Amino acid sequence: MRNHDYWVYIVTNKGRTTLYIGVTNNITLRLHQHRYGDVEGFAKRYRLNCLVLLEHFRNVNDAIACEKKLNGWRRSRKIALVEQTNPRWLDLSEDWEPQPKVYDHPYKMEEMI
C-alpha cells in the first residue's frame, strides 16, 4: 500500500483576529496559495497567511475528521490548541519557500530592460 500525506492546518492573519482551518494533500502548494492570495475566498479576504498549527495524517478520512472536529470547536478552544503547540504563534512555514527566482514572476526579463 502506498503512503499518502494529508495535512490539517490552521492559518491566521498578522493580528491573529481570524483563524482558518483547512486540509490538503500538498501543504507547500496550499500555503503558497494562502500567502500570495492565489485562490479567491475567505482566506484571501482576511489575509490568512501565517501557519500556526500543522498536523500530519496518512489517511484522508482521519484528516477530514480532524478538520471537521476542529471547525466545530469554539474559537477559545482553537486558540488554546495553538498556544499549547505554538505559544509564540510563530509562522511555522516561514523558511519553507526558497527565495523568489526571476522566472517566478509573471513578466519577462526583456520587459524589465
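Laid out as a table, the results:
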read-out	value
Translational diffusion of the stretch 6-112, µm² s⁻¹ [Kirkwood Rh, Cα pairs; Stokes-Einstein; 25 °C; 0.890 mPa s]	164 µm²/s
Gyration tensor over alpha-carbon atoms, the stretch 53-100, equivalent ellipsoid semi-axes in Å	23, 18, 8
Test item: Cα-centred dipole of the stretch 6-112, Lys/Arg +1 and Asp/Glu -1 on Cβ, debye	680 debye
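Bear in mind that the values in this text are calculations on the coordinates, not laboratory data. Remember, predicted model here, so these are calculated numbers, not experimental data. Counting neighbours? That spans all protein chains shown, and the Cβs are built from the backbone with ideal geometry, glycine included.
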